[in-house]
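Colleague: Sharing a structure here in structure tokens format.
Every read-out reported here was derived from the displayed coordinates using simple, explicitly stated rules and does not represent laboratory data. Quantities reported herein were computed from a predicted structural model and do not represent experimental measurements. No Cβ is skipped: glycine too gets one built from the backbone with ideal geometry, and neighbour counts run over all protein chains shown.
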Amino acid sequence: MKHMDEEGDKEAENNMNSIELELKEKEEELDALEAINQALIVKERKTNDEVQEARKELINGLKDSRAFIHVKRMGELDEKPFHSAAERKFSHTEAAEKAIELCSLWEDNLRDPSWHPYRVIIDGENAKEIIDENDEKLKSLKDEYGDEVYQAVVKALDEMNEYNPSGRYPLPELWNLKAGRKASLREGVEHILKLWKVNKRKRATYT
């Protein structure tokens, strides 16, 4: 019986040692995975920072471009509808001045952080903001100057709300005019290379 007890104790001890060893290995695996995860997070942040820096350089390099890949100021008001509305509403001598005044007024409204003409709706499981069409300022603008002016203000509002909701001033963005969307980094680089090749050919022609 004593021999059997000793065998049982030894087996239990071996089992405990085996479990402890396995737990230690699992802990080491978890530590290694955590280290890899942290390294990936750091690398991703660094990559994101580098991408943002590259976008800034492209924006700076293409700020005077008039091509389909160019720099668009997000949240900037399109003045054309204001001039068209002023020409319909006022005399020829007054129209230009009235359009400038109206544009200036709405640029001030867009920059006003206390004015936030949005309402929140639930879309599936997500909450999102949409323009509040019952906002008094917007309703008054639409009634007095028409849908084109109203849409120009709404578009500028949406861009500003997406790109700079706290600062409330226009920000430059790399833009694909042809596709009507933000340009990818690759599109910007390809456009720069194309410009460089054209300029290189021109220099070769003149030399």
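Colleague: P(r) of region 151-207 in 5 Å steps, Cα pairs, percent per bin?
Modeller: All Cα pairs, binned at 5 Å, distribute as 4, 15, 15, 17, 13, 11, 10, 7, 5, 3, 1 percent.
Colleague: Mind listing the phi-derived Karplus ³J(HN,Hα) values for region 108-123, rounded to whole Hz, using 6.51, -1.76 and 1.60 with θ = phi - 60°, and x for any glycine or proline?
Modeller: Result, rounded to whole Hz: 5, 4, 4, 7, 7, x, 7, 9, 9, x, 10, 10, 9, 10, 9, 10.
Colleague: Hey, can you grab everything whose amide H is under 5 Å from the amide H of Asp135? Only 5+ residues off in sequence or another chain; H modelled, so Pro and N-termini drop out.
Modeller: Residues meeting the criterion, in which the H sits 1.01 Å from N, do not exist here.
Colleague: Angle check, please: helix 80-89 long axis (alpha carbons) against the longest principal axis of the chain (alpha carbons), in degrees 0 to 90, nearest 10.
Modeller: 40 degrees
Colleague: So which lysines pass the test for Lys43, namely a Cα distance under 22 Å, with those fewer than 8 places away in the same chain ruled out?
Modeller: Partners found: Lys56.
Colleague: Which residues does the label zone of Glu162 cover in region 33-56, counting backbone N under 19 Å from a point 7 Å along Cα→Cβ?
Modeller: In region 33-56, the label zone of Glu162 (backbone N under 19 Å from the point 7 Å along Cα→Cβ) covers 52, 55-56.
Colleague: So how tilted is helix 136-145 from the main axis of the chain? Cα-based, degrees 0 to 90, rounded to 10.
Modeller: Computed tilt is about 40 degrees.
Colleague: Okay, next question. What is the set of long-range amide H partners of Trp115 at a cut-off below 5 Å, with H atoms built 1.01 Å from backbone N?
Modeller: For Trp115, no residues qualify.
Colleague: Given 25 °C and 0.890 mPa s, how large is the Stokes-Einstein diffusion coefficient of region 1-114 in µm²/s, with Rh as the Kirkwood radius over Cα pairs? The partial results should precede the final answer.
Modeller: On the way: Rh = 22.1 Å.
Reported coefficient: 111 µm²/s.
Colleague: On to the next question. What residue among Leu33, Leu58, Leu157 shows peak mean-square fluctuation when the chain is described by a Gaussian network model with Cα springs under 10 Å?
Modeller: Result: Leu33 has the largest fluctuation of those listed.
Colleague: Take each of the peptides 148-154, 122-128, average the number of other beta-carbon atoms within 10 Å over its residues, and list them starting from the highest.
Modeller: Numbers: 148-154: 19.3, 122-128: 7.7.
By packing density, highest mean first, the sequence is 148-154, 122-128.
Colleague: Taking the convex hull of the alpha carbon atoms in the chain, what volume per residue do you get, in Å³? List each step's numbers first, then the result.
Modeller: Numbers: hull volume 52.1 nm³, N = 207.
Convex hull volume per residue, Cα atoms: 252 Å³.
Colleague: Quick check on packing: order 179-187, 113-121 by the mean number of other C-beta atoms within 10 Å, highest mean leading. If you can, show how the numbers build up before the last one.
Modeller: Values: 179-187: 13.7, 113-121: 12.0.
Highest mean packing first, the order is 179-187, 113-121.
Colleague: So if each residue of separation counts as 0.36 nm, and I subtract the Cα-Cα distance between Glu20 and Arg203, what length gain in nm does that give?
Modeller: That pair, Glu20 and Arg203, stretches by 58.5 nm at full extension.
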